[in-house]
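Everything below concerns the one structure shown next.
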Amino acid sequence: MASADKTINTDVPEKDVFAIHFLQSLSNLRIQNLFNSPDTTNYRVRKIKKAAYVSMARAAGGTSRLWSRALLRRAAKGNNKIVRFPRRKRKVTWKISSKRRRSDQRAPVVEDAAERLRNLVPGGGGMETSKLMEETAHYIKCLSMQVKVMQCLVDGLSPK
Amino acid sequence: MSNRRSSRQSSSAPRISDDQMIDLVTKLRQILPEIGQRRRSDKVSASKVLQETCNYIRSLNREVDNLSERLSQLLESVDEDSPEAAVIRSLLM
């Protein structure tokens, strides 16, 4: 029936979940002795940034969200690591080419903006507009949480 | 939803109703930090909301970049005996 509950679930975990994941990946970086060599600044920054995104994706639910799955897949490609995605019993979603997307019913102005959004949100290329909006909401919440965690860390570390 | 004839090649989500779209747009507007609160709620166009969302995501990415940069400098220059090092050690181990 059309009266089914359609509230979108955009809950994100608490800040400490993000913090734990981020600190874990930072400690992994430290184990690789990254922080002691002075001439690899850009490399270090990139590694930290990547660790931030990956830990955010893990904290946000790992493979249970389209954007986090796409992010992890993208990161794993760079590492040549095999990422295992657990088999889930759900309907198969086909990757929709832009010609066949069922969202032509929306105003073309909305679709232009949605196209730009698709480039920003990981994994957005195969999503329909409605799904994209849902994923965007969750993605933004997680991103802002991650930014807060990093800000706290920087504030705690900078000299008084 | 009753109009589920889209079983051939589309995604599993049924066609979204306009109410749902409005609900999503409202949710996004609540998340975005500043969007003209002076506007009446039903007059904000969806495309404007999406535009603001794009800008917000880009600014968040830039924040992450800045913070990574600062973190990198800070983590490199931590002395072994300072209290910050003790904090990090207790957190990371």
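List of remarks:
- In region A:128-153, the residues that are facing chain B (nearest Cβ under 7 Å) and farther than 15 Å from residue A:60 by Cα: A:128, A:130, A:131, A:133, A:150, A:151, A:153
- Criterion applied to A:130, A:103 was being modelled with pLDDT under 80, under 27 Å from residue B:26 (Cα atoms) and not in a helix (DSSP H, G or I), and the one residue passing it is A:103.
- Selected residue (criterion: surrounded by the fewest Cβ atoms within 10 Å (Cβ to Cβ)) from residues of region A:105-125 that are touching a Leu at 6+ places or on another chain (Cβ under 8 Å) and facing another protein chain (nearest Cβ under 9 Å): A:116
- Residue within region A:119-131 that is of a type in the set (Lys, Arg) and farther than 19 Å from residue A:49 by Cβ present: yes
The values are calculated or read from the model by the stated rules, or taken from the named source; none is laboratory data. These numbers were taken from a predicted model, which means no experiment stands behind them. All Cβ positions, glycine included, derive from the backbone under ideal geometry; neighbour counts span all protein chains shown.
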